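Novice: Sending over a structure as structure tokens; questions will come in a sec.
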Amino acid sequence: MLLTNNQSCTSEKTNVLKASIVENSPTLVLLPKLELLVNNNEPTLEDILKICSHDEELLSKLTRRSGFEGSSVDFAKEILFKKGLGFLKSLAIRTMNQEIFSLPLGLDNMSTALIKRRSVILARFLKHFTSDLDREADDLYLIGLLYNFHYVCFEHLVKMGELTTDDFDDVRSECLTLSCELFINIGFDSYVIGVLEESEKKIFETKNPFV
């Protein structure tokens, strides 16, 4: 299908945004790959090694956070035979907390510490609705964590000259669209993206998950 000029521009912005954000957050790209592996009924040691060993710095972060000492092979064995892939996914999400909220400009009196704190509080709150929504706790935590991520995207886009304003309210909807396009591009779960897409709507315009 041919893209319109507007769609083409949006796609270019998404690519620029991805290059900027992924550079500081390799775990953001790792998570969808882990999700596929978790859904694999018979993952192998080679599958885990392929995911864990592609980035030595990232592997080091994961092993340090888990308190594990040893080689990538030993770590993969620990995950496959003892801890389980769910543990690795949770570990990756907690590691991502430390990466994705770095704000390059600090506009609107927003700081890295403040947006991270707000996001983690919301993520922890949403986990309490696991049984109500019949979703995995990690999925709901991830939604809360990424709920304000379009503001992070906003600052990256302003820094790179991709936006003509530094007033977030002027481009809030565009930044939300771009952040969701980024998550689609990376491969995040459609449920997570769907909730984020509706986050700027009025409550009665959304698909109420409790009905």
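Read-outs: derived from the displayed coordinates by stated rules, not from any lab. For clarity, every value in this text was computed on a predicted model and none was experimentally measured. Cβ: placed from backbone, ideal geometry, glycine included. Neighbour counts: every protein chain shown.
Novice: Filter the chymotrypsin sites (Phe, Trp or Tyr not before Pro) in the stretch 103-211 to those in DSSP coil with at most 11 other Cβ atoms within 10 Å of their Cβ, and list the result. Could you put the intermediate results ahead of the total?
Specialist: On the way: sites: Phe125, Phe129, Tyr141, Tyr147, Phe149, Tyr151, Phe154, Phe168, Phe183, Phe188, Tyr191, Phe204, Phe210; in loops: Tyr147, Phe188, Phe210.
Sparse-neighbourhood loop chymotrypsin sites (Phe, Trp or Tyr not before Pro): Phe210.
Novice: What FRET efficiency do you get for Ser190 and Asp170 if R0 is 25 Å and r is their Cβ-Cβ distance, rounded to the nearest 0.05? Please report the intermediate quantities before stating the final value.
Specialist: Numbers: r = 29 Å, r/R0 = 1.15.
Calculated transfer efficiency: 0.30.
Novice: Something else now. Hey, what D do you get for the stretch 72-211 in µm²/s if you plug the Kirkwood alpha-carbon radius into Stokes-Einstein at 4 °C and 1.567 mPa s?
Specialist: Values: Rh = 16.5 Å.
D, rounded to a whole number, is 78 µm²/s.
Novice: If the chain between Met160 and Asp74 were fully stretched, how many nm would it gain, using 0.36 nm times the residue separation less the Cα-Cα distance? Display every interim value, and only then the final one.
Specialist: Numbers: separation 86, 0.36 × 86 = 30.96 nm, distance 4.10 nm.
Stretched fully, the Met160-Asp74 segment lengthens by 26.9 nm.
Novice: Distance in nm between label sites at Thr44 and Leu114, each 7 Å beyond Cα in the beta-carbon direction?
Specialist: The two pseudo-label positions are separated by 5.1 nm.
Novice: For Arg94 and Lys202, what is the calculated FRET efficiency with R₀ set at 30 Å and r taken between the beta-carbons, to the nearest 0.05? Don't jump to the answer; show the numbers that get you there.
Specialist: Working: r = 33 Å, r/R0 = 1.09.
The pair Arg94/Lys202 has a calculated efficiency of 0.40.
Novice: Separate question: In the structure displayed, which of Lys13/Lys50; Lys77/Lys116; Lys83/Lys207; Lys13/Lys33; Lys82/Lys207 lie more than 27 Å apart, Cα to Cα? Walk me through the numbers before you get to the answer.
Specialist: Values: Lys13/Lys50 30 Å; Lys77/Lys116 32 Å; Lys83/Lys207 36 Å; Lys13/Lys33 23 Å; Lys82/Lys207 39 Å.
Lys13/Lys50; Lys77/Lys116; Lys83/Lys207; Lys82/Lys207, as the Cα separations exceed 27 Å there.
Novice: First measure r as the distance between the Cβ atoms of Ser131 and Glu12, then evaluate 1/(1 + (r/R0)^6) with R0 = 30 Å and state the FRET efficiency to the nearest 0.05. Walk me through the intermediate numbers first.
Specialist: Numbers: r = 42 Å, r/R0 = 1.41.
Calculated transfer efficiency: 0.10.
Novice: Using all Cα-Cα distances in the stretch 130-207, what percent lands in each 5 angstrom bin from 0 up to the longest?
Specialist: Histogramming the stretch 130-207 at 5 Å steps yields 3, 15, 24, 23, 17, 11, 5, 2, 1 percent.
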